[in-house]
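Undergrad: There's a structure below that I have some questions on.
Where a number appears in this text, it was derived from the coordinates with a stated rule and is not lab data. Source: prediction; values computed, not measured. Please note: Cβ atoms are built from the backbone with ideal geometry, for glycine as well, and neighbour counts cover all protein chains shown.
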Amino acid sequence: EEPKEPEIPKEEATFLINKNSKKLHKLDRYHIEQMSEANIKNTDLTLEELLEDEHIPCATCMPDEWEIYKETHPEKFEDKDKK
């Protein structure tokens with residue numbers, strides 16, 4: 001059974017999670033305004049904790065982390081590379 005991350009107020013959040021895509025977003029990025037409120041989950045977990053729990057850094061919010069994620073998870077991109 002997956003551990004549940006507690007729902008916390010936005011003021012206490014370290015990151016936002018898109019519930020559908022499991023992508024992590026920084027709080028101050030403009031494009032999170034385009035996300036449906038129903039898909040947003042606030043979390044106070046660290047980046048390391050979230051990555052360990054299979055969350056994916058947003059390429060726009062965290063380009064350096066995204067590149068590291070791509071390098072460390074090549075299996076997630078194999079099908080896309082074949083197209």
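Undergrad: Residues in the stretch 10-29 that are without any contact (Cβ under 8 Å) to a residue 24 or more places away in the chain and assigned to a loop (DSSP other than H, G, I, E, B): how many?
TA: Residues of the stretch 10-29 that are without any contact (Cβ under 8 Å) to a residue 24 or more places away in the chain, as a first pass: 11, 18-20, 27-28.
Next, from what is left, pick out any that are assigned to a loop (DSSP other than H, G, I, E, B): 19-20, 27-28.
Adding up the residues that qualify gives 4.
Undergrad: Another question, if that's okay. On the given criteria, is Thr72 of a type in the set (Val, Ile, Thr) and under 20 Å from Ile8 (Cβ atoms)? Working first, answer last.
TA: On the way: of a type in the set (Val, Ile, Thr): yes; under 20 Å from Ile8 (Cβ atoms): no.
No: the conditions fail for Thr72.
Let's see how each residue does on (1) assigned to a strand (DSSP E or B); (2) buried (at least 16 other Cβ atoms within 10 Å of the Cβ):
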{"site": "Ile8", "(1), (2)": "no, no"}
{"site": "His31", "(1), (2)": "no, no"}
{"site": "Ala38", "(1), (2)": "no, no"}
{"site": "Asn42", "(1), (2)": "yes, yes"}
{"site": "Leu51", "(1), (2)": "no, yes"}
{"site": "Glu54", "(1), (2)": "no, no"}
{"site": "Cys61", "(1), (2)": "no, yes"}
{"site": "Asp64", "(1), (2)": "no, no"}
{"site": "Ile68", "(1), (2)": "no, no"}
